[in-house]
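Asker: Right, I'll just put the structure down here and ask away after.
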Amino acid sequence: MTNILIIGASGTVGSTTRRYLLDNTDDQLTLMARNTKRLGNLNVERERAISGSVNDLEALKSALEGQDVVFAALSGDLKSMAQALVAAMDKADVKRLLFITSMGIYNEIPASVEPSGNLASNPVLQNYRNAADVIEASDLNYTIIRPGWFDNGNDTDYQLTHKGEPFGGHDVSVISIADLVLQLAHDQNLGFRDSLGINRK
């Protein structure tokens, strides 16, 4: 059993990962969201909810207590969120961080996959790159997850690429991301201080 904190638990990736972990593990989940009403009914034996954002330091401190793994699927000012999260995890002595960014932040996408999908041609990606830079400069056991455009497919047929390797494809199912999170959460050496691209095979 692993204690996992899901930050951004009410969003698409966070909620799908939550359901996937409930269905496929015996993990204990802490769900952090700005609006916990959007979480619906909790599994009272395995889940607890905390209302707040990453920049709410007291809520974050409370959420981090007793955690083994933090999974963050966030939107907004990701650099400041990453800075707050890294600092709070250091104080709480929680070392394992799984953090969603985006494909293209290292200009790793071949033109044949997505012509305008790289940071060099899409400045929107700078927000994701800034967060990745903060996390990579930390002393955490992090894995940055860089998904392709995600969809609601039911497959978990995906491939991974490492930082410095060409990205493998255009899209990926949200369930595939959830499956990767499950694998990473239960293997401290998988994706150790790495940045993993994930796409459908």
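Asker: Using a Gaussian network model on the chain with a 10 Å cutoff between Cα atoms, which of Thr25, Thr161, Thr12 fluctuates the most?
Answerer: Looking only at Thr25, Thr161, Thr12, the largest GNM fluctuation is found for Thr25.
Asker: Using Rg and Dmax of the Cα atoms in Å as the read-out, say which of (1) 18.2, 65; (2) 19.6, 65; (3) 15.8, 48 was calculated from these coordinates.
Answerer: Recomputing Rg and Dmax of the Cα atoms in Å here picks out (3).
Asker: Turning to a different aspect of this structure: Nearest 5 percent is fine: what portion of the DSSP beta bridges confined to the chain is antiparallel? If you can, show how the numbers build up before the last one.
Answerer: Values: 5 of 36 bridges.
Of all bridge pairs located within the chain, approximately 15 percent are antiparallel.
Asker: Which Cα, out of Ile4, Val172, Leu60, lies furthest along the positive dipole direction of the chain (beta carbon charges, K/R +1, D/E -1)?
Answerer: After comparing all options, I get Leu60.
Asker: Residue-wise, which Karplus ³J(HN,Hα) couplings in Hz belong to the stretch 96-102, taking 6.51 cos²θ - 1.76 cosθ + 1.60, θ = phi - 60°, and x for glycine or proline?
Answerer: Coupling constants for the stretch 96-102: 9, 10, 10, 9, 7, 10, 7 Hz.
Asker: Quickly rank 135-143, 107-115, 70-78, 185-193 as a protection proxy: mean count of other C-beta atoms within 10 Å, highest first.
Answerer: Per-residue Cβ counts within 10 Å, averaged per peptide and sorted highest first, yield 70-78, 135-143, 107-115, 185-193.
Asker: OK, next. Using the structure shown, list the pairs from Lys95/Lys201; Lys37/Lys91; Lys61/Lys95 with a Cα-Cα distance above 22 Å, or answer none.
Answerer: The answer is Lys95/Lys201; Lys37/Lys91.
Asker: I've got another one for you. Where a Cα-Cα gap under 17 Å defines reach, which aspartates and glutamates qualify for Lys79, not counting those fewer than 8 residues away within the same chain?
Answerer: Asp56, Asp90, Asp133, Glu136, Asp139
Asker: Going by Cα centres, the stretch 158-178 and the stretch 59-107 are how many Å apart?
Answerer: After rounding, the separation between the Cα centres reads 20 Å.
Asker: Once label points are set 7 Å from the Cα along Cα→Cβ at both Ala87 and Arg48, what is their separation, rounded to one decimal in nm?
Answerer: Distance between label points: 2.5 nm.
Asker: State the percentage of accessible surface on the chain attributable to carbon and sulfur atoms; use a 1.4 Å probe and exclude ligands, DNA and RNA.
Answerer: Numbers: 4220 of 9010 Å².
Carbon with sulfur: 47 percent of the solvent-accessible area.
Asker: Could you state the accessible area per residue of the chain in Å², with a 1.4 Å probe and every protein chain left in place?
Answerer: Accessible area per residue: 45 Å².
The values are calculated or read from the model by the stated rules, or taken from the named source; none is laboratory data. Everything numeric in this text was worked out from a predicted model, so none of it was measured. Cβ atoms come from the backbone with ideal geometry, glycine included; neighbour counts cover every protein chain shown. Quick note on the areas: whole protein, heavy atoms, side chains included, nothing else; ligands and nucleic acids left out. Shrake-Rupley method; radii C 1.70, N 1.55, O 1.52, S 1.80 Å.
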